[in-house]
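Every read-out reported here was derived from the displayed coordinates using simple, explicitly stated rules and does not represent laboratory data. A quick note: this is a predicted structure, and the numbers were derived from the prediction, not measured. Ideal geometry is used to build each Cβ from the backbone, glycine not excepted, and the neighbour counts take in all protein chains shown.
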């Protein structure tokens, strides 16, 4: 396999092995999360929610304008009004006792707010964002309202949450009604004040015109003008016609100014003037609603969304063209009326020049000019009054309800399905994070990769953790026991790996040690010696742990008369050699416990003794104290063929083992490799199933010792 592809697979297997090893932690986190979700769904009061969808038409847009310029500002203002204190108090006052029980439960707050209130207490008086104190009912109402615009559209969703499902729809619809009344009332008040002022000015202007007309009549009579003549009657008729034209032009000019000023007066125009505007605006509204719905369902890049945008753009173009036609028509009508006014004014001036004498003509013409000016001002005031009337009739900003709120059938919180799903995911995420985090903080040696990569040693064998036994046979080496012992086969594999890792010629003098006490070095030494003996080799096991000797217990021998006696000269070597119950396996026990173990192990007599034993046995295994605990192993390391380190799985830390390796190499010792001892195969089954296949997991658990039992009987002494 390519190394570039093998590395990710190895890392993935390592991660999976970590998760499998810490599966109980992950399962516990998931169970706690699901339990919390269960308690939440069972103890939390259901919350229901109703939604009103409204359409905002941009206020102040010129007739036919369909772009979205400025709509963001209008929408933000509207959102603040809908969320504001004024509407909340209006709805609370309108619904009265119907919502008393609901709002009496207090505001709906987030989990963080709830925790903060429990720790520091709720605020003494609810306060709105503008700093104005709120009544408890208004505060509770505001906490239940959510107003959110639909992105890219003029649609606004107004949601109201409550514990009573029937109240949600009522409150949501009432909120829209209250806003409509508030907007209409505000515009009506402002429009009424201006209309009242214009009416008063209009009345005063009429009085001035009447006074000027009476003064003009008096001057004409004084000048001897025949007011009842044909010319005068013709002039009066033309003046009345001119006044009517001026009034009509004022109305048309007011409509034209309304359109040009940016106020959308399409609804106030006569049907005959609107043309296809009303129908096109309806089509545009429906197309925009379809576009908003598709944006929620399909997304912006869907082909149907592109078609919807093209359809909206096409209708907007048609609407703009129709609006320009309406504006052009109004301009033409106003221009024609001005021309007719100019013609009538010329005819009236000509007639009056005929009936007025030359002496009083200048004075009468001056009064007539003043009267015409005052009448023109009256026409202008009429147009302003019409504009004010149109503005008062038009509601700003317009809100149209597209989807009124209905009573919900199911709560929005808590939702058992989503709650359990989120709890499951959260528990798994937390469990996996903790598992990976604990593994990152755990610097113990756990896997063969740790031995090879982190320590840089050859792995000689993996010894599974054996079940403890009781009785005299509990310390008997596993290779000599009858029964399905998984460790027995592991020691045989250790024997094979060790045999082929050393040169075949010459005696093999090895030291067995560990970094710290309690890692199983003595047990490994005894079992390795037994495995080598079963294979037909002459093996000698020496207990050089002169502080806490236990090797004799594994072979059922006496500790007296051992290595220390030989070193000090109290006993000959032959007398210290003790045969065991198994053929080919001998042992030298510790002997008496000396006060100076390090000095004895550093003596020349011991070196000569080991050199002598190297030629008499195929294998000489020396059990020594832990490397970091005592200096004994470091003393012997330079004079043997190699050192085998026994590493307790998930017990020895990588720094400790590395220090022991450095210490041995620092004195000239050769570290042959490591034995990973007491591996929990069940806990690490996933990893070792990949590492050794199913051998350790299945074969070890149901080992058939029949193949070795006959061989053991041949080597076992009676």
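Can you compute the FRET efficiency between residue 593 and residue 665 using 1/(1 + (r/R0)^6), with r the Cβ-Cβ distance and R0 = 35 Å? Round to the nearest 0.05. For residue 593 and residue 665, the calculated efficiency is 0.75. Can you tell me the FRET efficiency between residue 424 and residue 570 if r is taken as the Cβ-Cβ distance and R0 is 56 Å, rounded to the nearest 0.05? With a Förster radius of 56 Å, E is 0.20. Available extension along the chain between residue 400 and residue 12 is 133.9 nm, counting 0.36 nm per residue and deducting the alpha carbon span. Rounded, prolate or oblate: which one fits the range 8-52, using the alpha carbon gyration tensor with axes a ≥ b ≥ c (rounded when a/c is under 1.5, else prolate when a/b beats b/c, else oblate)? Cα axes put the range 8-52 in the oblate bin. Simple spin-label estimate for residue 222 and residue 433 gives 10.1 nm between the two label positions (7 Å along the Cα-to-Cβ direction from each Cα). Shape class of the range 142-183 from the Cα gyration tensor (axes a ≥ b ≥ c, square roots of the eigenvalues): oblate, since a/c reaches 1.5 or more and a/b does not exceed b/c. Here the gap between residue 35 and residue 105, fully extended at 0.36 nm per residue and compared with their Cα-Cα distance, gives a gain of 22.5 nm. Between residue 135 and residue 77, the C-beta separation translates, for a Förster distance of 25 Å, into a calculated FRET efficiency of about 0.55. Once the Cα-Cα distance is subtracted from the 0.36 nm per residue extended length, the residue 558 to residue 452 segment shows a gain of 34.3 nm.
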